[in-house]
Amino acid sequence: MAIEGPLRELGIHDVFQLLDLSRKTGTLAVTSELRDNEGTVQFEKGRVVGATIKSNPHRIGELLLRAGKVSEAQIQRARSAQAEGDKRRLGEILVEMGAINAKELERQMLMQIEAVVFELLSWGEGFFRFEEGPVGPGSMVQIGTESLLMEAARRIDEWSRIADRVPSLLAVPVFAPVGEDGGPQLDLLPSEWEVLTRIDGAHDLRSISADLGRSDFDVAKVVYGLVSTGVVELRMPEGGMSERPTVLRVPTPIMAMPAIAAPAAAAPPPAKVEATVLPVTHANESPVPEPTDDLDLGFFLLRRGDFEGATAAWARLLQATPHHEHASEIRSGLAAAARLRAMLETWYGD
């Protein structure tokens, strides 16, 4: 069963939270006609295991080459092996060749996924569709969805600081006039020089990021530093303020979901759990009645330690009745459950 809808009705952060809480496995496709762009994210039991985007593919070979981890000749050898019938991924071939080790490949793959996901999380319009099903061969990396959303929230502060000097992604950077003192001395990283060499007075920030295959966020940070030191100035095209740098929205508990299908009902807790994790009762307390709706079912399952079943029941309730009289308390409960899960995954590594 597909889960789909417009991002204006259900924010992309809420979609990620829904898939995380429901421990979904499948592929999320996000499209934006405004941006003429589309991306996909693969989930395995609620964790992100892969991501691609049309505009900035962030191919692993290009990332490794840009980071100086492999040579062009090694990339060509690996691609030749694929052309001759090797079905393995490019990174796996490079590891087998001894060009890089598995740890470095994993680190670059994490960066690749994060770059795509953070760009998708900035979209405020478009359409999403999630299809359950296998996502292909096992991935070398898995990223907790909650940690991705927390990092997205952290970027809000950075975007706010950047927007002070970089008010629009449509701004065109140009070199500032050199004064009598000769201008400031530059001590830039290779990634910063890479941006500097693309400044030609004609291309805006979004064009530069697309040309480099890097995110708008990374390019805007570099240009912010160049503007702050007086090396670069920004020129706004006519009407250029219509597109400001995207400010990521703070992740919130799952909101109303009127346009999408409800997550599948959680399986009942195993018999051994009921036998060992008993509800606390007093001598004069009557047995807990059978639940009559999803609100009762959530508390019923939570009382028995079934967090997954409880969050699934409450998510269904919010979807069916977004203005329920207890909606605020339920959303707080879902947010608390997500934080508890993140703590458990950090502690046990699962």
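The values are calculated or read from the model by the stated rules, or taken from the named source; none is laboratory data. Computed from a predicted model, the values in this text were never measured in an experiment. Here the Cβ is made from the backbone with ideal geometry for all residues, glycine too, and neighbour counts use every protein chain on show.
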Exercise. Does residue 153 fit the bill of being modelled with pLDDT under 85, of a type in the set (Gly, Ala, Ser) and under 19 Å from the mean Cα position of the chain (by Cα)?
Worked result: yes
Exercise. Does residue 79 fit the bill of being of a type in the set (Lys, Arg), free of Cβ contacts under 8 Å to residues at least 40 places away in the same chain, on the phi < 0 side of the Ramachandran plot and in a loop (DSSP other than H, G, I, E, B)?
Worked result: no
Problem set entry | Where residue 148 falls short, out of the listed (1) under 29 Å from residue 43 (Cβ atoms); (2) modelled with pLDDT under 80 | (2)
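Tell me, yes or no, whether the stretch 313-328 has at least one residue that is assigned to a helix (DSSP H, G or I), exposed (fewer than 13 other Cβ atoms within 10 Å of the Cβ), at pLDDT 70 or above and not assigned by TED's automatic domain parsing to the domain that holds residue 196.
Applying the first criterion (assigned to a helix (DSSP H, G or I)) to the stretch 313-328 yields 313-320, 327-328.
Still in the list and also exposed (fewer than 13 other Cβ atoms within 10 Å of the Cβ): 328.
This time we only want the ones that are at pLDDT 70 or above, so: 328.
Keeping just the survivors that are not assigned by TED's automatic domain parsing to the domain that holds residue 196 gives 328.
Yes, the stretch 313-328 contains at least one residue that is assigned to a helix (DSSP H, G or I), exposed (fewer than 13 other Cβ atoms within 10 Å of the Cβ), at pLDDT 70 or above and not assigned by TED's automatic domain parsing to the domain that holds residue 196.
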Problem set entry | Complete set of residues in the stretch 112-149 that are closer than 26 Å to residue 67 by Cα, in a helix (DSSP H, G or I) and out of contact with any Leu (no Cβ under 9 Å at 6 or more places or on another chain) | 116, 119, 147
Exercise. Residue check: is residue 109 of a type outside the set (D, E, K, R), under 22 Å from residue 13 (Cβ atoms) and not in a loop (DSSP other than H, G, I, E, B)?
Worked result: no
For this session: State whether the residues of the stretch 155-170 include one that is in a loop (DSSP other than H, G, I, E, B), closer than 21 Å to residue 18 by Cβ and not basic (Lys, Arg).
Result: no
Problem set entry | Residues of the stretch 25-50 satisfying the condition of being crowded, with 21+ Cβ neighbours inside 10 Å and assigned to a loop (DSSP other than H, G, I, E, B) | 46
